[in-house]
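Each remark here refers to the structure printed beneath this line.
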Amino acid sequence: MARTAPEALEREKHRKADGLRELPGDTSQVVLRFAPNPNGPLTLGHSRGVVINSEYAKMYDGKVVLRFDDTDTRVKPPLPDAYGWIEDEYEWLAGRPADVIVRASERMPIYLEHAEQMITEGFGYVCRCSADEFRGFREDKQNCPCRGRSVTESLSDWKSMNDGKMQDGEGVVRVKTDMTLPNPALRDWPALRIQHTPHPLAGDRYKVWPLLDFQSAIEDHEQGVTHIVRGKDLMDSTRKQTLLYEHFRWEYPEPLYWGRVKVHEFGSFSTSGMRTTIESGSHEGWGDLRLPTLKALRRRGFSAQALRDFWIDLGLSQKDISISMQTIEAFNSSLIDSSVERRSFVASPITLELRGANEQRVNVPRHPNGTIPGSREWELTGSILIQASDAGQRKVRLKEFADIETSGDVATIESFDRSDERPIIHWIPTGIARKAELVTPAGEGLVTQTGVLEDFELVVGETYQLERVGFARLEELSKDGLAKLVWLHG
RNA sequence: GCUCGUGUAGUGUAGUUCGGUCCAUCAUGACGGACUCUCGAUCCGUCGACCCGGGUUCAAAUCCCGGCACGAGCACCA
């Protein structure tokens, strides 16, 4: 070892470490959590959370809690279908289901109990100031009048809130911290508010709903979460929740943060924003090829492992980053290229009569490097199809077959062996050409290329590399014979 | 305004804890070449960075001070 590669023994820090950095704190029984809002399916952004959490769980033989933070019924109302989608998408990406699945909306009694305990023990109170009024107190570092009221008065208001006697905005439960704290965000922060809007799943049973910081804090403790990986925009959440944990005399989990991610090709995207474009009809649905949803990425044929490799390679940095789909595509290509069969797709085909063929059959490799053994067998009939864009050239080589010379709509074979440097084009014998269309995102729109696909052992759901075109996934073989392909990447 | 965080090649990233082994890692990208019956894959090469200014030190990407830039929170959203 020292003899063959002496330099490998030194320069430890000179090499890029692979895998995720070690987790801080006690790692003997790691419990992590991934907590999306089920107001839509998972996006590329969410996939970072799934990958990082599930990867850490794998590293430490720990668990991941998949928690649906669905306590807002008004601004970001949950989408009932999204729960199932997300569970499924989590499993696809992580390679196994989440260890525990929790819906906040089903855990309301626990949150309400803790809120009541908070009021009873005096570290929480019902505040009846308007949001505006309280903002003033917060800025001036003044206690609001509600803060000094007795526990009995607060409890009576708490009851009214829950009984539906107070309307939205008329009262809020606050956690007592300190109004003179230097960070304004932490001053007596709101923990629960009134929402009369019914919850899609829980109905109108509850009038008081916890806010994220409270619900998340209580549930993390209930689940024994040891490490929280979250966006750095939630740093103040950590600080708020730490103050709450002190009141309850609980120990706060180890927090880790990542920065914001933007993808060049998609810009900034939000689930609620996409929901709007879908409802308005400018996108076809959550699986629209142009959308950065996991549904769309899966539909196109991205490999879950490629997404995992990509996020693990990025690791956890608090820098705000802007990445390119090209990088993700590079991870995907290197993963699938050797295991994906080739097929010929001829767009805008023109028919040529073939002369000089003395063979009946052509064998084309399933994979040029032989990583998939065997060949595709093509029956030769009297004519072939080539791409209109290739038809301008007189002398071309039909890939894996013969050099030809074209004249009008006749192609004459000149040689079966490669005789010169003429361009190589892809082609299909008419007999095995199946009508096909390839849908590709193009800027704001979608472009459908019509053509023919080589009809050899086509399997719906498979990803193929279309020779000289790129990767695409076969989505459907209709009864009328049409093959529908969706674009993956080049 | 207050509070918090981040600044390494075009894009990401390693190294920053405990200063030297860093004329700074790796990937992606761009460019050039080799090979190949795909515009794919593979191989080789080239390009390109420590935000700025001081300080400490024999020695600073790494420590200290001061700037600057960018981002986030201060929602009865998550």
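The values are calculated or read from the model by the stated rules, or taken from the named source; none is laboratory data. Values in this document were obtained by computation on a predicted structure and should not be read as measured data. Cβ placement follows ideal geometry from the backbone for every residue including glycine, while neighbour counts extend to all protein chains displayed. Keep in mind that these areas ignore ligands, DNA and RNA; they rest on the heavy atoms of the full protein, side chains included. Shrake-Rupley method; radii C 1.70, N 1.55, O 1.52, S 1.80 Å.
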Please determine whether any residue of region A:162-177 is touching a strand residue (DSSP E or B) at 6+ places or on another chain (Cβ under 9 Å) and part of a helix (DSSP H, G or I).
yes
I need the full set of residues from region A:318-349 which are among the small types (Gly, Ala, Ser) and either assigned by TED's automatic domain parsing to the domain that holds A:Ser47 or more than 6 Å from RNA strand B (Cβ to nearest atom) (or both), in order please.
A:Ser338, A:Ser339, A:Ser344, A:Ala347, A:Ser348
Of all residues being of a type in the set (Asp, Glu) and touching a residue at least 24 places away in the same chain (Cβ under 8 Å) in region A:70-96, which is nearest to A:Pro198 (Cα to Cα)? Just the residue, please.
A:Asp72
Being in contact with a helix residue (DSSP H, G or I) (Cβ under 8 Å, 6 or more places away or on another chain), over 23 Å from A:Leu289 (Cβ atoms) and not assigned by TED's automatic domain parsing to the domain that holds A:Arg193 is true for just one of A:Val31, A:Val75, A:Val51. Which residue is that?
A:Val31
When you scan region A:279-290, do you find a residue that is in a helix (DSSP H, G or I), within 14 Å of RNA strand B (Cβ to nearest atom) and either closer than 26 Å to A:Ala82 by Cα or in contact (Cβ under 8 Å) with a residue 40 or more places away in the chain (or both), even just one?
no
Selected residue (only one of A:Leu385, A:Leu380 is out of contact with any Ser or Thr (no Cβ under 9 Å at 6 or more places or on another chain) and either over 26 Å from A:Ile336 (Cβ atoms) or touching a residue at least 60 places away in the same chain (Cβ under 8 Å) (or both))
A:Leu380
Restricting region A:401-414 to residues that are surrounded by fewer than 13 Cβ atoms within 10 Å (Cβ to Cβ) and assigned to a loop (DSSP other than H, G, I, E, B), the one nearest to RNA strand B (Cβ to nearest atom) turns out to be A:Asp409
If only one of A:Pro182, A:Pro145 is within 9 Å of RNA strand B (Cβ to nearest atom), open to solvent by 20 Å² or more (accessible area, probe 1.4 Å) and free of Cβ contacts under 8 Å to residues at least 24 places away in the same chain, which one is it?
A:Pro182
Residues within region A:350-361 that are on the phi < 0 side of the Ramachandran plot and either within 10 Å of RNA strand B (Cβ to nearest atom) or not aliphatic (A, V, I, L, M) (or both), tallied:
7
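Table: residues versus (1) within 16 Å of RNA strand B (Cβ to nearest atom); (2) at pLDDT 95 or above; (3) open to solvent by 60 Å² or more (accessible area, probe 1.4 Å).
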site	(1), (2), (3)
A:Phe416	yes, no, yes
A:Trp427	yes, yes, no
A:Gly443	no, no, yes
A:Glu462	yes, yes, yes
A:Gln465	yes, yes, no
A:Phe471	yes, yes, no
A:Lys484	no, yes, yes
A:Leu488	yes, yes, no
I'd like to check something: does region A:381-391 contain any residue that is farther than 15 Å from A:Pro349 by Cβ, touching a Lys or Arg at 6+ places or on another chain (Cβ under 6 Å) and of a type outside the set (S, T, N, Q)?
no
Scanning region A:224-249 for residues that are more than 9 Å from RNA strand B (Cβ to nearest atom) and open to solvent by 50 Å² or more (accessible area, probe 1.4 Å) gives A:Glu246, A:His247, A:Arg249
Could you please let me know if A:Gln449 is open to solvent by 50 Å² or more (accessible area, probe 1.4 Å), assigned to a strand (DSSP E or B), within 16 Å of RNA strand B (Cβ to nearest atom) and at pLDDT 95 or above?
yes
Being within 14 Å of RNA strand B (Cβ to nearest atom) and either of a type outside the set (A, V, I, L, M, F, W, C) or open to solvent by less than 10 Å² (accessible area, probe 1.4 Å) (or both) is the filter here; which residues of region A:27-40 pass it?
A:Arg33, A:Pro36, A:Asn37, A:Pro38, A:Asn39, A:Gly40
Condition check for A:Pro365: within 45 Å of the chain's Cα centre (by Cα), touching a residue at least 12 places away in the same chain (Cβ under 8 Å) and loosely packed, with under 13 Cβ neighbours inside 10 Å
no
So the check is Cβ under 9 Å with 6+ separation or different chains; which pairs have a first residue in region A:311-324 that's touching a residue at least 12 places away in the same chain (Cβ under 8 Å) and basic (Lys, Arg) and a second one that's part of a helix (DSSP H, G or I) and open to solvent by less than 30 Å² (accessible area, probe 1.4 Å)?
none
Scanning region A:368-388 for residues that are open to solvent by less than 50 Å² (accessible area, probe 1.4 Å) and either polar (S, T, N, Q) or not assigned by TED's automatic domain parsing to the domain that holds A:Val459 (or both) gives A:Ser375, A:Ser383, A:Gln387
Could you please let me know if A:Met118 is touching a Ser or Thr at 6+ places or on another chain (Cβ under 7 Å) and either assigned by TED's automatic domain parsing to the domain that holds A:Arg205 or part of a helix (DSSP H, G or I) (or both)?
no
Kindly indicate which of A:Tyr90, A:Tyr125 is within 16 Å of RNA strand B (Cβ to nearest atom), assigned by TED's automatic domain parsing to the domain that holds A:Leu42 and open to solvent by less than 10 Å² (accessible area, probe 1.4 Å).
A:Tyr90
